[in-house]
Amino acid sequence: MPVATLALILGLVQALTEFLPVSSSAHLILARTWLDFQIADGLTFDVALHLGTLAAIVIYFWRDLVALARGLVNSTMRRPDPMGRMAWYLIAACIPAAVTGYKYETAIETYFRHPAVIVVTLIVGALFFFWVEKRFRHDAPMERLTFGRALLVGCAQTLALVPGISRSGSTIVAGMMCGLRRDEAARFSFLLATPVTFGACLKKGIDLFTSGVPIPHDEKVALVVGIVTSGIGGWLVIRFLLNFLRSHSLNAFAWYRIALAIVVAVFLVF
């Protein structure tokens, strides 16, 4: 199978799973394992796909991001603006994952990117979905967040560095624990993903550039295909998930995670 075709498949996997609370990193690892697809460094290609989904976030939430940027400027000039407070909350919530990722990226890449780990984390995440749906009341808009609760969501984001946990899943669950409606928790999760994903892409891009290792032509084509596919698909998935969570629980995703964990476990045994 041509590399570009395989990149198209991985781009679709990224688009479908990056924003859904099912763990894109887990699906990408499994897809590479089953398709026997190795392209340059695995994490580098993951970040290339994240560039596409980052574009999807920026396009979909463009008005929110502009309002947050304007609010941040107003807050530094001591002009009252509720979006300025939210902008500072998002910045603070980014810090835990940024620090943890910078310090432990190599260890995570070495010890946790394995299907056996994914089986466990998929099930653990599913159990948390059931728990938060049953245990917590969640009916508040995003604007009701406090600094401490926003930081709690940011700390939950660090768990997603382990494949199978899901960045959107962990942050949506944390947001619901803080009282947010499902769709509002997802909205905060997506906005929170913007600076973290941008930072990860920037770091990997600098590492790749300074390494001096040339990228073969077919791999360049694969990266472009992956970015475009994940970008378009990611925009569609964001729209779907926000609409879905306005009237549905996380239970469907929990059952999917359990089913996938069983499939992976059977694959590993046999």
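The values are calculated or read from the model by the stated rules, or taken from the named source; none is laboratory data. Since we're looking at a predicted model, the values are computed, not measured. Virtual Cβ from ideal backbone geometry, glycine too; neighbours counted across all protein chains shown.
What pairs come out if I take residues in the range 258-270 that are in contact (Cβ under 8 Å) with a residue 24 or more places away in the chain and pair them with residues that are outside any helix (DSSP H, G or I) whose C-beta lies under 8 Å away, six or more apart or interchain?
260/22
Is there a residue in the range 201-223 that is among the small types (Gly, Ala, Ser), within 24 Å of residue 83 (Cβ to Cβ) and over 16 Å from the mean Cα position of the chain (by Cα)? Give the steps one after another, and end with the answer.
Filtering the range 201-223 for residues among the small types (Gly, Ala, Ser) gives 205, 211-212, 222.
Subsequent filtering for residues that are within 24 Å of residue 83 (Cβ to Cβ) retains none.
Scanning the range 201-223 turns up no residue that is among the small types (Gly, Ala, Ser), within 24 Å of residue 83 (Cβ to Cβ) and over 16 Å from the mean Cα position of the chain (by Cα).
Could you grab me the full set of residues in the range 151-173 that are aliphatic (A, V, I, L, M) and surrounded by 24 or more Cβ atoms within 10 Å (Cβ to Cβ)? Spell out how you get there, then give the answer.
So in the range 151-173, the residues aliphatic (A, V, I, L, M) come out as 151-153, 156, 159-162, 165, 172-173.
Passing the criteria: 153, 156, 160, 165, 172, 173.
Those residues that are under 24 Å from residue 128 (Cα atoms) and either among the aliphatic types (A, V, I, L, M) or surrounded by 17 or more Cβ atoms within 10 Å (Cβ to Cβ) (or both), I need them from the range 222-243; list them, please.
Result: 237, 238, 241, 242.
Here is a list of conditions, (1) on the phi > 0 side of the Ramachandran plot; (2) of a type outside the set (Asp, Glu); (3) without any contact (Cβ under 8 Å) to a residue 12 or more places away in the chain, and residue 179 meets all of them except one; can you say which number that is?
Only one criterion is unmet by residue 179, namely (3).
Suppose we filter the range 219-253 for residues that are in a helix (DSSP H, G or I) and within 18 Å of residue 181 (Cβ to Cβ); how many remain? Don't jump to the end; show me each part of the working.
So in the range 219-253, the residues in a helix (DSSP H, G or I) come out as 219-245, 251-253.
In the following step, the residues that additionally are within 18 Å of residue 181 (Cβ to Cβ) were identified as 238-245, 251-253.
Of the residues in the range 219-253, 11 are in a helix (DSSP H, G or I) and within 18 Å of residue 181 (Cβ to Cβ).
Taking the conditions exactly as written (surrounded by fewer than 17 Cβ atoms within 10 Å (Cβ to Cβ), at pLDDT 90 or above, on the phi < 0 side of the Ramachandran plot and among the charged types (D, E, K, R)), does residue 184 satisfy them or not? Full working, then the answer.
Numbers: surrounded by fewer than 17 Cβ atoms within 10 Å (Cβ to Cβ): no; at pLDDT 90 or above: yes; on the phi < 0 side of the Ramachandran plot: yes; among the charged types (D, E, K, R): yes.
Judged against the criteria, residue 184 is not a match.
Go over the candidates 54, 12 one by one and state the one that is part of a helix (DSSP H, G or I), at pLDDT 75 or above, surrounded by fewer than 19 Cβ atoms within 10 Å (Cβ to Cβ) and not polar (S, T, N, Q).
Details: 54 fails: surrounded by fewer than 19 Cβ atoms within 10 Å (Cβ to Cβ).
Unique residue meeting the criteria: 12.
Consider the range 157-180. How many of its residues are part of a loop (DSSP other than H, G, I, E, B) and either modelled with pLDDT of 95 or more or out of contact with any helix residue (DSSP H, G or I) (no Cβ under 9 Å at 6 or more places or on another chain) (or both)? Walk me through how you get there before you give the answer.
Going residue by residue through the range 157-180, those that are part of a loop (DSSP other than H, G, I, E, B) are 162-166, 178-179.
In the following step, the residues that additionally are either modelled with pLDDT of 95 or more or out of contact with any helix residue (DSSP H, G or I) (no Cβ under 9 Å at 6 or more places or on another chain) (or both) were identified as none.
So the answer is 0.
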